[in-house]
Amino acid sequence: MKAITLNEPWYARLPQNAAPHSPAALLIESMGQSAGLLALDTLARFTESGGRGERLMLVGTVADVRLGRPVGPGELVVHRVRLPRTVGETLFFER
């Protein structure tokens, strides 16, 4: 979950009469961070090392993303991320 507030740094640069909304790229990034948490939990349960050690998460692609409407201050964004498939250490996420 992410609570959107007017304290977010990107709102400071908006023109005074502009409607505040969160940039789509940052909403997609926060969904990717949620997927990263799911990945860490998955690796902890299914690897010999328990998911410990240094890991680097790379995003291969983001496809078919559609945002229903702008998200503004005072709203709560809830990400629901699923892990339907893994191939070795490659994890495939979807919403």
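The values are calculated or read from the model by the stated rules, or taken from the named source; none is laboratory data. Just so we're clear, the structure is a prediction, and the values are computed from it rather than from any experiment. Backbone-built Cβ (ideal geometry, glycine too); neighbour counts: all protein chains shown. All accessible areas refer to the heavy atoms of the entire protein, side chains included, with ligands and DNA or RNA removed. Shrake-Rupley method; radii C 1.70, N 1.55, O 1.52, S 1.80 Å.
Taking every residue in the range 63-75 that is at positive phi and pairing it with any residue that is surrounded by fewer than 14 Cβ atoms within 10 Å (Cβ to Cβ), at least 6 positions away or on another chain, the pairs with Cβ-Cβ distances below 9 Å are Gly74/Ala3; Gly74/Thr5; Gly74/Leu6. Look at the range 5-24: where a residue is under 18 Å from Arg69 (Cβ atoms) and a partner is open to solvent by 80 Å² or more (accessible area, probe 1.4 Å) and at pLDDT 85 or above, sitting 6+ places away or on another chain with Cβ atoms under 7 Å, you get Pro20/Leu6; His21/Pro70; Ala24/Leu67. So, in the range 60-95, of the ones that are within 14 Å of Lys2 (Cα to Cα) and of a type in the set (D, E, K, R), which residue ends up modelled with the highest pLDDT? The selected residue is Glu75. Close contacts from the range 37-54, counting a first residue that is at pLDDT below 80 and a second that is assigned to a loop (DSSP other than H, G, I, E, B) and not aliphatic (A, V, I, L, M), with Cβ to Cβ under 6 Å and a gap of 6+ residues or different chains, come to Leu43/Gly51; Ala44/Gly50; Ala44/Gly51.
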